Amino acid sequence: MSPLKMARTVLVIVAVNLSLCAAPLAARPPNGSKQDVLRATLPNGLRVVIVRNTLAPVVTTSVNYLVGSDEAPAGFPGTAHAQEHMMFRGSPGLSADQLADIGSLMGGRFNADTRESMTQYLFTVPAANLDVALHIEALRMADVSDRQEDWDRERGAIEQEVAQDLSDPFYVLYEKLRQVLFAGTVYEHDALGTRPSFDRTTAAMLKRFHDAWYAPNNAILVIAGDVDPNATLTKVRQLFGSIPAKRLPGRPSFALKPVHPMTLSLPTNDPNTTQILALRMPGLDSPDFPAAEVLADVLNSHRFALYGLVPQGKAIATEFALQPLPRAGLAYAAVSISSTADAAATAQTLRSILLQVARSGVSPDLVAAAKLQEERDTEFQKNSIEGLASIWSDAVALYGLPSPEADLARIEKVTVADVNRVARKYLDVDRAVSATMTPRNSGEPVLSGGFGGQESFSLTSQKATALPSWADTLFHNLSLPPSASAPVMSKLANGLTLIVQPESVSKTVSIFGHIRNRPETEEPGGKEGVAPMLDQMMSYGTTHLDRLAFQSALDAIGADEDAGTDFHIRALSAHFDRAAELLAGNELAPALPEVELGNVRDRIEPYIASRNVTPEFLTQQAIRQSVYPDDDASLRHATAASVDGVTLQDVKAYYDKVFRPDLTTIVIIGDVTPERARAVIDKYFGPWAAHGPLPVTDLPPVPSNAAHTILVPDASRVQDSVVLAQNLGLMRSNPDYYALALGNALLSGGFYASRFSVDLRKNAGLVYSVNADFSMSRTRSVYLVDYASDPQNVRRAAEIVARDIDTLRHLPPAEEELDRAKALLLQQIVLDESSVDDIAGAILKRQDLGLPLDEPADAAAAYIGLTPVAVQQAFAKWMQPEDLSRVVRGPSPPA
């Protein structure tokens, strides 16, 4: 996949100057798609791209400043990142509290991202609130407060973000690779920054950075969604047109030095050993880059030799990834193997595979498949409003292209000879950096008896901030949100539930499916692990097409597919029938070849043995142990011994038990009518029949838990990861759910505007982020709060969480504060329909929970009707902060 189609990634292995027209130019793509593009450049230099997409009444604004860590002062690598944080601390005419409240009232979906050459600010809001989002960005472009007292508080949060990344061994490796491949340049560090540099940073330094670089003539504004392009451009001119252009400082210059080969060895908390070979690749400004994109796709193909190591039993997973920067790129090939495998031999195999490509080139068939995949991805970008804004932002602000389609046009010109030339030039394994990530197991969890004594806090209720006049209407917008979703449900004769949602924003169709299942109740005793073994066996093709033939068939239509109890296929709508046929073949007639069972077992058995002693696995088990009885089925897990005893007969018996149409829901969304979708699914899934009694797919209700504190040692972390958990006694169908969800939105739903964020991040700087939600099934529910903090702050943060919950148990919230939480949840109902994948995922989830398809409308009505007293009473009835268990992963907090 082209990096243009990918979100920014940090290295994660399996366990991701444009000159626009001075005058507006509108263009309507062919094929009747519901998308328009309008471009303009304002007199002050602000470049504007407006992309109309009517998937949902939602819009995303993306302000892309062409400045990042490359322009940071020497010795202060995180300056751009720090200024990104401070943009949420207020500007003249817009206080931090007002910004937090406004963001919450619009649905709470806003974010920012700092990269090497770009800093990006995103709002995704209901289309009716576009004017408000643009007001915010215009004020922030014009000026920022950058007060020292605000930086003193924000410094704690950003340093927690640094500690969070440094607690990820793969991030640490990523940084080391950059230091070697880009030594002596601004690329040798990413945009995160360091604690020592933040300690020396002042608010005045950040203000100077903003004043120098944040200017309309150094920014590109991308707006994507359900908008009137011409009316939107008029509003942009009104709000941004008076902001003066600036004379920009000079950009840094540097020369790349030759790469010297090096071997790195690092510990990891992942259960597998990971062998990596990293190379320097062409940057975005290189004419070689389009061919490098295609080469990366080829090397990542499931028909290429790298992935071929998996079905051969020589690897658990593989990956080839390309991460471009403007003047250079970083690529890595990674092979994940069991902790007992020969890492040195794997490293040699990896080198041999890449060396063979450099010497002999790649298959023309794989080049053609990669180019077809790029064409498909370009069409699929229209299926997410937020993703569309991101893709366009990367194209125009990072790649320097007029549109994402321009990247496709470049790729279409790439020849096999181009790919082979680039392979010879850049796949230089003698100048590669080799790295081995070796598992380092956790110590045994340590159990103690609860929180200990809690601090005494007075009960308070927060009041909403007075909003600017241009945003004041947000408080009065508590109404049922409109929905563009109109799914059509039917049942096949064999009991399969089919739900079709026609969408015409792209010429694509996506098929998603889910089989209700639960390995904890369906795996036979002593055969734990048969479920993941079946999942692995599903990748070996069908009874009619072996693995390579099946992948070739997918490549022929540019489809991506995955089979199992959760399955999907995505393709252009012209290939809908063939896509459904291939998916049905994999689901209903998987090959399950006996000859491959040994390879699958050889991969899974050592993986399970290593996984079971990793901090991540022990943490998940500790969370379950802290809220469920000792004999609960959810605590069942595979062991090396149980996997070793699984036979092919066991795999097939489990398949026959679990895979059945009367427990299956298929959701089809895209450019297809319900009638055609029904006919195609009936054709290929209709013959599927269920056999035997329905299996048990629900866990029984359980009693409430007592509080425990469990420490899971993790030597790789410099920061503690914390989960607070309470087992509740209600089910998802209980009408009190909505009062609890509304109360939780008040506690954790609105970034700075929520009580947890205000108390833990904004005022105290104890955490970078804090999240809370209910994990609910048909029969169970658990309340979970998670955050990460320095060890000495773990207890204090937990006590603040408990205090805030207890406050809501005893004191009804203020009407205005509750209205803010209501607005957040109501707007989120709209925002949750802004991508095809989200729509399908929500439908499948409602089906799995036994909820009606129009449950969002029921939820909206419930939220609107709830009173402060009703929320307080629900919390008093169900929430017991003294029963919150605390599971801590990382260094031991002080007593």
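Structure summary
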item: Unmet criterion (only one of (1) under 21 Å from the mean Cα position of the chain (by Cα); (2) open to solvent by less than 10 Å² (accessible area, probe 1.4 Å)) for Trp151; result: (1)
item: Extreme residue, surrounded by the fewest Cβ atoms within 10 Å (Cβ to Cβ), among residues of segment 681-695 that are of a type in the set (Phe, Trp, Tyr) and touching a Pro at 6+ places or on another chain (Cβ under 9 Å); result: Trp688
item: In segment 864-877, the residues that are part of a helix (DSSP H, G or I) and either of a type in the set (A, V, I, L, M) or within 31 Å of the chain's Cα centre (by Cα) (or both); result: Ile864, Val869, Ala870, Val871, Ala874, Phe875, Ala876
item: In segment 413-444, residue nearest to Leu295 (Cα to Cα) [restricted to those that are aliphatic (A, V, I, L, M) and open to solvent by 40 Å² or more (accessible area, probe 1.4 Å)]; result: Val416
item: Residue tally, condition over 21 Å from Ala638 (Cα atoms) and open to solvent by 50 Å² or more (accessible area, probe 1.4 Å), over segment 521-544; result: 2
item: Residue list for segment 68-87, restricted to those being in contact with a Lys or Arg (Cβ under 9 Å, 6 or more places away or on another chain), part of a loop (DSSP other than H, G, I, E, B) and of a type in the set (A, V, I, L, M, F, W, C); result: Phe76, Met87
item: Wholly within segment 302-419, helices (runs of 4 or more DSSP H) carrying at least 2 residues that are within 29 Å of the chain's Cα centre (by Cα) and under 24 Å from Ala432 (Cα atoms); result: 305-308
item: Members of segment 385-402 that are surrounded by fewer than 21 Cβ atoms within 10 Å (Cβ to Cβ) and on the phi < 0 side of the Ramachandran plot; result: Gly387, Leu401, Pro402
item: Matching residues, segment 809-822, being among the acidic types (Asp, Glu) and either more than 21 Å from Gly103 (Cα to Cα) or open to solvent by less than 10 Å² (accessible area, probe 1.4 Å) (or both); result: Glu817
item: Selected residue [touching a helix residue (DSSP H, G or I) at 6+ places or on another chain (Cβ under 9 Å) and at pLDDT below 95] from Gly68, Gly45, Gly107; result: Gly107
item: All positions within segment 154-175 that are open to solvent by 50 Å² or more (accessible area, probe 1.4 Å) and either outside any helix (DSSP H, G or I) or under 30 Å from Gly241 (Cβ atoms) (or both); result: Asp168
item: Number of the condition not met by Val132 [criteria: (1) in contact with a Pro (Cβ under 7 Å, 6 or more places away or on another chain); (2) more than 25 Å from Gln160 (Cβ to Cβ); (3) not in a strand (DSSP E or B)]; result: (1)
item: Sole residue being at pLDDT below 95 and within 20 Å of Asn269 (Cβ to Cβ), chosen from Arg624, Arg601, Arg611; result: Arg611
item: Residues (basic (Lys, Arg), out of contact with any helix residue (DSSP H, G or I) (no Cβ under 8 Å at 6 or more places or on another chain) and part of a helix (DSSP H, G or I)) located in segment 218-271; result: Arg237
item: In segment 466-482, residue farthest from Arg678 (Cα to Cα) [restricted to those that are at pLDDT 75 or above and among the polar types (S, T, N, Q)]; result: Ser469
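The values are calculated or read from the model by the stated rules, or taken from the named source; none is laboratory data. It should be emphasised that the depicted structure is a prediction, and the values quoted were computed from it without experimental measurement. FYI the Cβ positions are ideal-geometry reconstructions off the backbone, even for glycines, and counts take in every protein chain you see. Note: areas computed on protein heavy atoms with side chains; ligands, DNA, RNA excluded. Shrake-Rupley method; radii C 1.70, N 1.55, O 1.52, S 1.80 Å.
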